[in-house]
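Just below is one structure, and these are the notes that go with it.
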């Protein structure tokens, strides 16, 4: 039902040994404390990796954009400029941060915090692999939608509290853009939940096979369109690529975080880059088969068959690392596409942005939802691949 | 020991806070905030009774529908407030005197 | 053990948030404290085992209603103090002695009444062994579509009415 | 007493605690190390160089509100439809998916009527097609 990383790691022999040892030392049953410790360590590792990914996102962006424009990206700091983001981070901490005079001090501090909390809380549900996902809430996707709407509030407050006309406009536009693009995203996620029959990321990923033809993207034509609607919605929700109107450098003088400087601006940027990773991860998990590995190597059975004497936990762990690799490669592929789109497409005008959302994406998403429901009812949830080949083969078999 | 009365006390505090906001604030939007607090208190009670008294899920469904209706009510309420502001230039409760807008 | 910690955190956020919502003069701060209260109530739902309700609370309230409130505040002249037609600056009367006395008096009366009603429940409530309780979205879904399908359809009509009504009311073009 | 496993929410709280620690930590570290001489010029909001005039709180066009309104209605619709969507596959496997499909589609059709109405009445388009009559639209 609600399996977590602790329930996965508790199958390891070390866990039993550790709890019994600690129980003797402390005198009372220490499984609760051991669980907390494991959660704390795994979350600490996860947060640090995510901060590094956020930083590397900036580095990757500058390197890839340089590559697209036939020039050298940053290569001074560290080998190939890989430590550039650390230099930026230190610089941001040391820069003076100014709070404009009549700004609303309480909310000026609160806005980057809301953004960061909104993004960090989504990490609890991201399905890295069958065992290593922090938690598998059985309301996973819905929890993700609820928490990521906090970022919209954070951006609005950032714009409102710095009390300058530019950031006010940027904040209003940013919030209304994020809010309106959440509608097609919600409807598309609904159609995936319809196909998978559950809200938890675990079941949705298990419903897809390892091979591309078993993924949800190729399941039926409606989910195929749904993937692109979700990807466009995700781009708009993280203020990326052609939809980065709220921080449009040219018109709104970098919108809602005009007045922010120093580490507070760093939080906004960090939250944005981590959110791009999270959103690409969600797109990969929902449509591209998440952590599923072809020839289902992910379950580690091939190791058990090859070396029967192997310790079962080790085989499962190797399988999990393969799954982790599959999930991260799919997500980084989408990450590359996001950065690639940013440096190829021009920025949309405000009304084009809104028209695209309300007059094109929302009707398409509604149509997809209805299509998926009818498809599920008509073909009992069988994918188009199965209908063509399996039933074809069955029919052929029946003929002979 | 966390038991039913502890949840009742919390929803009682929510209810009192909502009531205070509705009575004491002069700004109409603040009164809508108060209504949201009161509706939350009611929904919380339903969930608490489902957990402690009988285990069927009707309490949860009732809370779900309370949340749905509260959202619809907030939407229409705020639309009226905006319209009122466009006519009266101020959303102070004392200005809402005439019955015809 | 963790249940107690989570309950205390959620209860503190709820009561603290609702108190601050009542007493903060600036309307924007009141909205943010309402957001804190909603998070607290969502945590309380989680401790009650109603995890779908906790997520709905986050999505609908924290994601929708609070943003709607923030936009409405912006559309109705922001948070500057009210100056009515005669130019008299009516300071919002929150936080004055008058309001605290009203609140205090009301709390005393209400608590007596509530205690009178709840007393039998506290006495009769024997905290016996609580039956195991866990809800999943599937249970709520089956209930919603089999027993309460009428309520499900009527709420869609209600939402349609709310949408059309609010759109008509807030359409700027009309003059009387 | 906790019949259902609440450890699931432990990471959520830990992540929240990390976000709080990160924000407060960076700000505290900054306060110690960071130079801070807030001259008057620095504190004025950035106005591309000109003097900032008037407070930023002039109110805006109503279209922001209509967008948030339609979003809220769709959000609530989503919230109601998620449990039904999660259960739909089981009903199809049982065999009586038809009734569930009918009520599901009825729910969607009734709500998309609302969107069609807003669309036709021109509430959704960003630049108002008709001129806002006489009212001073600040």
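Just so it is clear, none of the values below were taken in a lab; they were calculated from the coordinates. As the structure is a computational prediction, the values presented were derived from the model and not from experiment. Here the Cβ is made from the backbone with ideal geometry for all residues, glycine too, and neighbour counts use every protein chain on show.
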Quiz prompt | Value at 222 nm in deg cm²/dmol, rounded to 500, when DSSP H runs of n ≥ 4 in chain A each add -39,500 (n - 2.57) | solution = -22000 deg cm²/dmol
Self-check item: Packing-based order for C:37-50, D:12-25, A:363-376, A:123-136, using average beta carbon neighbours within 10 Å, highest first
Solution: C:37-50, A:123-136, A:363-376, D:12-25
Quiz item: Which ordering of A:202, D:125 is given by a fewest-first count of other beta-carbon atoms within 10 Å?
Solution: D:125, A:202
Practice problem: State, in angstrom, two size descriptors of the stretch A:11-93 derived from its alpha carbons: Rg to one decimal place and Dmax to the nearest whole number. | Solution: 21.3, 65
Practice problem: Starting from the Cα-Cα distance between residue C:105 and residue C:153, subtract it from 0.36 nm times their residue separation and give me the gain in nm to one decimal. | Solution: 12.9 nm
Practice problem: Could you work out, for the stretch A:275-343, what percent of all Cα-Cα pairs fall into each 10 Å distance bin, beginning at 0 Å and stopping at the bin that holds the largest distance? | Solution: 22, 38, 23, 13, 3, 0
Quiz item: So for D:96, A:61, fewest C-beta neighbours within 10 Å to most, what's the order?
Solution: D:96, A:61
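Let me know the mean shielding of A:33-46 by other chains, meaning the per-residue number of their Cβ atoms within 10 Å of its Cβ.
Numbers: counts 1, 0, 4, 6, 0, 2, 6, 5, 0, 2, 8, 2, 0, 4.
Per-residue shielding by partner chains comes out at 3.
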Quiz item: For the stretch A:103-399, what is the Kirkwood estimate of the hydrodynamic radius, computed as the reciprocal of the mean inverse distance between distinct Cα atoms, to one decimal in Å?
Solution: 20.4
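For the stretch B:4-95, calculate the relative contact order in percent as a whole number, restricting contacts to Cα pairs under 8 Å that are 6 or more residues apart.
29
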Self-check item: Global geometry of the stretch C:1-72, whether rounded, prolate or oblate, following the gyration tensor of its Cα atoms and the 1.5 cut on a/c
Solution: oblate
Quiz item: Within 10 Å of each Cβ of C:31-44, how many other protein chain Cβ atoms are there on average?
Solution: 5
Quiz item: Could you put D:63, B:51, A:71 in order, starting from the residue whose Cβ has the fewest other Cβ atoms within 10 Å?
Solution: A:71, D:63, B:51
Exercise. Can you tell me what the convex hull of the Cα atoms of the stretch B:4-95 projects to on average, as an area in nm²?
Key: 5.9
Exercise. Taking only Cα atoms and a 10 Å spring cutoff, compute GNM fluctuations for chain A and point out the largest among A:80, A:243, A:228.
Key: A:80
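Averaged across A:114-120, how many Cβ atoms of other chains sit within 10 Å of each residue's Cβ atom?
Taking all residues of A:114-120 together, the mean is 5.
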Self-check item: Sorted largest first, extent of the stretch A:326-375 alpha carbons per principal axis (Å)
Solution: 35, 33, 11
